[in-house]
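Before any comments, here is the structure.
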Amino acid sequence: TELKREYDQCFNRWFAEKFLKGESAGDPCGQLFKRYQLCVQKAIKEKDIPIEGLEFMGPSKGKTENSS
């Protein structure tokens, strides 16, 4: 929860103060996002939350793309 709050604040500040003013270079929140992402992934594993089919976590192993 704390990491999410910190990341959200960083992203919102960057978005409002830099990106919307045309300054899109750099990734000031990247390291914070990585820490937050690792925390979420750890919680998913610890709580055995099924995530099959969710694309946001990356492609599933052995998944084939449908060409239709």
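The values are calculated or read from the model by the stated rules, or taken from the named source; none is laboratory data. The shown structure was predicted, so the numbers you read here are calculated from the model rather than taken from an experiment. Cβ placement follows ideal geometry from the backbone for every residue including glycine, while neighbour counts extend to all protein chains displayed.
Whenever a residue of the stretch 4-28 is at positive phi and in a helix (DSSP H, G or I), it has no partner that is hydrophobic (A, V, I, L, M, F, W, C) and exposed (fewer than 10 other Cβ atoms within 10 Å of the Cβ) lying with C-beta atoms less than 6 angstrom away and at least six residues away or across chains.
Quick check: anything in the stretch 28-38 aliphatic (A, V, I, L, M), at pLDDT below 85 and surrounded by 10 or more Cβ atoms within 10 Å (Cβ to Cβ)? No: zero hits. When the stretch 29-49 is limited to residues that are under 18 Å from the mean Cα position of the chain (by Cα) and part of a loop (DSSP other than H, G, I, E, B), the one that is nearest to Tyr7 (Cα to Cα) turns out to be Cys29. Scanning the stretch 1-16 for residues being surrounded by fewer than 11 Cβ atoms within 10 Å (Cβ to Cβ) and either more than 17 Å from Gln37 (Cβ to Cβ) or of a type in the set (Phe, Trp, Tyr) (or both) gives a total of 1.
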